[in-house]
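Chemist: One structure follows; several queries about it will come next.
The values are calculated or read from the model by the stated rules, or taken from the named source; none is laboratory data. Please read these numbers as outputs of a predicted model, since none were measured by experiment. Quick reminder, even Gly has a Cβ in these numbers, built from the backbone with ideal geometry, and neighbours come from all protein chains shown.
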Amino acid sequence: LAAQSDLPFEETLAKIRSLLPEKLHRPQVGIVCGSGLHTLAAAIRDIIEVPYASIPGFGKSTVPGHKSALAFGLIGPGEGVPAVVMLGRLHPYEGHKLSTVVYPIRVMARLGVKNLIITNAAGALNKDIAVGTIVVIQDHIALPNLTGMNPLLGPPVGPEYPRFLPLSAAYSASLRRLAFLAAHKLQLGRDALAEGVYAWVSGPTYETPAEGRMLRNAGADVVGMSTIPEVLAGKEEGLEVLVLSLVTNMVVIPDKYRSIREEVEAELAGKAVARRAEEVVSHEEVLLIGKQKAEVMKSLVEKIVDLIARA
Ligand code: HPA
């Protein structure tokens, strides 16, 4: 198999570096902003935004609430840590190839990034996890990966890449530790953060109740349409990976279905029928919670970056 030599790494890196001052050429931390979370950019000093459209090999994010730029700058107290932030990510459901979705992650690794912090908006499957909670991801279930939609399918990026990447310890224990320490230092309160398993679905449809129930029964705590391709590429590139999921909604999984048969039988027997309103999830709801909690996510990420720099 030929390597993925069509990836224009040299061109991409040259273009990016040509737009940056020397001090930002080697970012140590990479951050991916999820839906409604691009205000993470406010954590960056001396910011330089490079639109995806001007970077060879980059796709365009088309989702409302997502921007389309790489932001370079310094995060944290003192001199600050050089960082690169993806303002807006790419999803397979937008029609991007999986190799395009993960290309920015591979570029970050080539720029010098060692630690990757990925944020996203997710729905809660676990009833004990409330809307607004930030879930520190400890593992994942990726049905698309198991059924032929794995971003690492195909020729390897280069001969030095592992063919069979182990994922038993994909989520960096040391970075997760820093996340909880950071929350403690920020006095966020014990309920602000949880630990859990992320289920990746391709979207763009939200889950049916039966699908939500299946994922919950399979052991997933939250579900979302992003992140896992980035995690896989990050691990393949040798990065330490941390995933923070902001719960923006509860996945609609009624304990009991509305029974049309019971309603008809009650109607025929002349009894009153109690009709329940059907619940649905909306992207507006997802963006609203993202906006409300963006400040907490920003302080948390900032503090984690600070702890990484001191470690
Ligand atoms: N399902 C899938 N993806 C999501 C959800 C959800 O309920 N909320 C935010 N992203």
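Chemist: Of these, V131, V135, which one is touching an Asp or Glu at 6+ places or on another chain (Cβ under 8 Å) and not polar (S, T, N, Q)?
Modeler: V135
Chemist: Looking only at region 231-240, decide whether some residue is outside any loop (DSSP other than H, G, I, E, B) and within 15 Å of the ligand (Cβ to nearest atom). Break it down into steps so the answer makes sense when it comes.
Modeler: Our first condition is that a residue be outside any loop (DSSP other than H, G, I, E, B); within region 231-240, this holds for 231-236, 240.
Those still in the list that are within 15 Å of the ligand (Cβ to nearest atom) too: none.
Within region 231-240 (the criterion being outside any loop (DSSP other than H, G, I, E, B) and within 15 Å of the ligand (Cβ to nearest atom)), the answer is no, since none of the residues qualifies.
Chemist: Would you mind stating whether K291 is at pLDDT 90 or above and closer than 30 Å to A43 by Cβ?
Modeler: Against the criterion (at pLDDT 90 or above and closer than 30 Å to A43 by Cβ), K291 does not qualify.
Chemist: Still on this structure, please answer the following. Mind counting the residues in region 125-141 that are over 13 Å from the mean Cα position of the chain (by Cα), surrounded by fewer than 24 Cβ atoms within 10 Å (Cβ to Cβ) and within 16 Å of the ligand (Cβ to nearest atom)?
Modeler: Qualifying residue count, region 125-141: 8.
Chemist: Can I ask one more? Of G203, G196, G212, G158, which residue is within 16 Å of the ligand (Cβ to nearest atom), more than 18 Å from the chain's Cα centre (by Cα) and touching a residue at least 60 places away in the same chain (Cβ under 8 Å)?
Modeler: Values: G203 fails: more than 18 Å from the chain's Cα centre (by Cα); G196 fails: more than 18 Å from the chain's Cα centre (by Cα); G158 fails: within 16 Å of the ligand (Cβ to nearest atom).
It is G212.
Chemist: How many residues are within 16 Å of the ligand (Cβ to nearest atom) and either in contact with an Asp or Glu (Cβ under 8 Å, 6 or more places away or on another chain) or in a helix (DSSP H, G or I) (or both) if we restrict to region 89-124?
Modeler: Total meeting the criteria: 8.
Chemist: Within the bounds of region 280-287, is there any residue that is assigned to a helix (DSSP H, G or I), closer than 30 Å to I44 by Cα, within 12 Å of the ligand (Cβ to nearest atom) and of a type in the set (A, V, I, L, M)?
Modeler: Taking region 280-287 as the starting set, the residues that turn out to be assigned to a helix (DSSP H, G or I) are 283-287.
Restricting the remaining residues to those that are closer than 30 Å to I44 by Cα gives 283-287.
Filter once more, keeping what is within 12 Å of the ligand (Cβ to nearest atom): 283-287.
Then drop every residue that is not of a type in the set (A, V, I, L, M), which leaves 286-287.
Yes, region 280-287 contains at least one residue that is assigned to a helix (DSSP H, G or I), closer than 30 Å to I44 by Cα, within 12 Å of the ligand (Cβ to nearest atom) and of a type in the set (A, V, I, L, M).
Chemist: In region 165-188, which residue that is part of a loop (DSSP other than H, G, I, E, B) and polar (S, T, N, Q) is surrounded by the fewest Cβ atoms within 10 Å (Cβ to Cβ)?
Modeler: Here the answer is S168.
Chemist: Now for a separate question. Of everything in region 222-262, what is charged (D, E, K, R), out of contact with any helix residue (DSSP H, G or I) (no Cβ under 9 Å at 6 or more places or on another chain) and either in contact (Cβ under 8 Å) with a residue 60 or more places away in the chain or surrounded by 24 or more Cβ atoms within 10 Å (Cβ to Cβ) (or both)? Give them in sequence order.
Modeler: K235
Chemist: Also, quick follow-up: For region 38-66, what are the residues that are surrounded by fewer than 18 Cβ atoms within 10 Å (Cβ to Cβ) and either in contact (Cβ under 8 Å) with a residue 60 or more places away in the chain or in a loop (DSSP other than H, G, I, E, B) (or both)?
Modeler: T39, A42, P56, K60, T62, P64
Chemist: Sticking with this one: Go through region 152-204 residue by residue and tally those that are among the acidic types (D, E) and either touching a strand residue (DSSP E or B) at 6+ places or on another chain (Cβ under 8 Å) or at pLDDT 95 or above (or both).
Modeler: Selection size over region 152-204: 1.
Chemist: Same structure again: State the number of residues belonging to region 125-164 that are touching a helix residue (DSSP H, G or I) at 6+ places or on another chain (Cβ under 6 Å), in a loop (DSSP other than H, G, I, E, B) and among the small types (G, A, S).
Modeler: Adding up the residues that qualify gives 1.
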